[in-house]
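Some notes on the structure that comes next.
The values are calculated or read from the model by the stated rules, or taken from the named source; none is laboratory data. Computed from a prediction, not measured in an experiment: that's the story for all the values here. Please note: Cβ atoms are built from the backbone with ideal geometry, for glycine as well, and neighbour counts cover all protein chains shown. For the accessible areas, the whole protein counts, side chains as well, though only heavy atoms, and no ligand, DNA or RNA atoms are used. Shrake-Rupley method; radii C 1.70, N 1.55, O 1.52, S 1.80 Å.
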Amino acid sequence: MFNIRENRTLRRPDWPLALAVIGILIVGLITIASATHVNTPSDDRYWYLQRQGMFALGGLIWAFMIVNFFDYRALRHWGDKIYIFNLIMLLAVMFFGHSALGAQRWIMIGPISIQPSEFSKVIMIIALAALLESRVGHLKKWREIIPVALFVLVPFLLVAKQPDLGTGLVFLAIFLGMIFVAGISLKILGIVFGAFLALLPIMWQFLHDYQKMRIMVFIDPNVDPLGSGYHIIQSKIAIGSGMLFGKGLFGGTQSQLNFLPENHTDFIFAVVGEEFGFIGAAFLLCLYLIVLWRGVKIARECKDTFGMLLAVGITSMLGFHVLVNVGMTMGVMPVTGIPLPLMSYGVSSLLTNITCLGLLMNIHMKQQTLHF
């Protein structure tokens, strides 16, 4: 797992990826400070900033260790074990989890609230990559695809039970991205997609009332303007009012005057749009685009199948997060509670994303090592 001989090699870090990640973290910390300082007592005005900053720094140290002292290829032998650990962890949430906001998703470890479904994303990527490594090019028949689908379905159902449909959809995005590059039959993929569309009316009956309302609000926020539609209405007002250059740091009225709910978590992009305007929001999206571009490039250049699948799974997860979170703040996606990577406040999400990006950098380093 740890290879001392690697010290005799010349390493070339992926600087565009590293700098983009650091840039997003800095923008995130600044935005969290702006979004939360008004609503906390003066003595702890920057408590959220300090806490997120502390874990961001610890996460970067952790990522540095992953990049320099770890060999991602060792993970292929741990796929089954961490998959079982993932199931145990998700089952523990059902029996010992802490409830908040109508969902049971958290486990308290001392003063820290941990969301296991966040960590299950990186576990699912690793476990699925280990499973698919020997199946690449052999996903042409139903009997070859069904075991892989069931492999993902079990944790998906455990997460959906919490309920956490957003994370369940992330599992789906990871699954689709990885099986696509693994060579799944496009005909079978088309049949599955068609069946999914045909079953939508039946699936509707199994949604919780609040999930149904979110979809209705996505179609027309004014269906419930003071309830489920309030978030998206205020978010669109915030982004629109920022115009080209924004209202300035600490100057966003929707955020500072508490009109915008969850402004430091799910709707943090609306704060960026309001206070930094179109220019600031576009700059942030460019940083994410660099991260996704490097992820795709690392996957394409990877010389082993396991590493390629890992890179694709990580990139699919991050891309889906950005697409859905930014889309929901602008009203073009349903509200699902999916955080914005490295931006939204939350320890579990932050550490999960930093770990994934550390693995992505590790894959790059192993491929780009120059021996001398």
* How large is the dipole of the chain about the Cα centre if only Lys and Arg carry +1 and Asp and Glu carry -1, each at its Cβ, rounded to the nearest 20 debye? -> 1220 debye
* Asked: Zone of Arg143 (label point 7 Å along Cα→Cβ, backbone N under 18 Å): which residues in region 184-205?
  -> 185, 188
* Kyte-Doolittle at least 1.6, axis length at least 27 Å by Cα - qualifying DSSP helices, the chain -> 15-36
* Write down the accessible area per residue of the chain in Å², having rolled a 1.4 Å probe over the full set of protein chains. => 48 Å²
* **Peptide ranges 272-282, 78-88, 17-27 listed from the most packed, as the mean C-beta count within 10 angstrom indicates** => 272-282, 17-27, 78-88
* Asked: When Rg is the radius of gyration of the Cα atoms in the chain and Rh is its Kirkwood radius, what does Rg/Rh come to?
  -> 0.97
* Round to the nearest 0.05 the FRET efficiency obtained for Val223 and Ile88 when R0 = 41 Å and r is the Cβ-Cβ distance. => 0.50
* Spin-label model distance (nm) - Tyr46 vs Leu323, 7 Å beyond Cα toward Cβ -> 3.8 nm
* Percent carbon-and-sulfur accessible area, the chain, ignoring ligands, DNA and RNA, probe 1.4 Å -> 71 percent
* **Nearby lysines by direct alpha-carbon distance to Lys161 (threshold 22 angstrom, same-chain neighbours under 8 apart not counted)** => Lys121, Lys212
* Structure fact -> In nm, the gap between the two label points placed 7 Å beyond Cα toward Cβ at Lys81 and Ile215 is 4.2 nm
* Taking Lys187 as the anchor, which lysines have their alpha carbon closer than 19 Å to its alpha carbon, excluding any fewer than eight residues away along the same chain? -> Lys140, Lys141
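May I ask you to compute the full-extension gain from Phe250 to Leu153, defined as 0.36 nm times their residue separation minus their alpha-carbon distance, rounded to one decimal in nm?
Taking Phe250 through Leu153 to full extension adds about 30.5 nm, to one decimal.
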* Structure fact -> 1/(1 + (r/R0)^6) with r = Cβ-Cβ of Lys187 and Val38, R0 = 51 Å, i.e. FRET efficiency to nearest 0.05, evaluates to 0.40
* To do: Please give the FRET efficiency for Ala282 paired with Phe259, using the beta carbon to beta carbon distance and R0 = 25 Å, rounded to the nearest 0.05.
  => 0.60
* Structure fact -> With label points set 7 Å from each Cα along the Cα-to-Cβ direction at Met65 and Ala195, the distance between them in nm comes to 4.4 nm
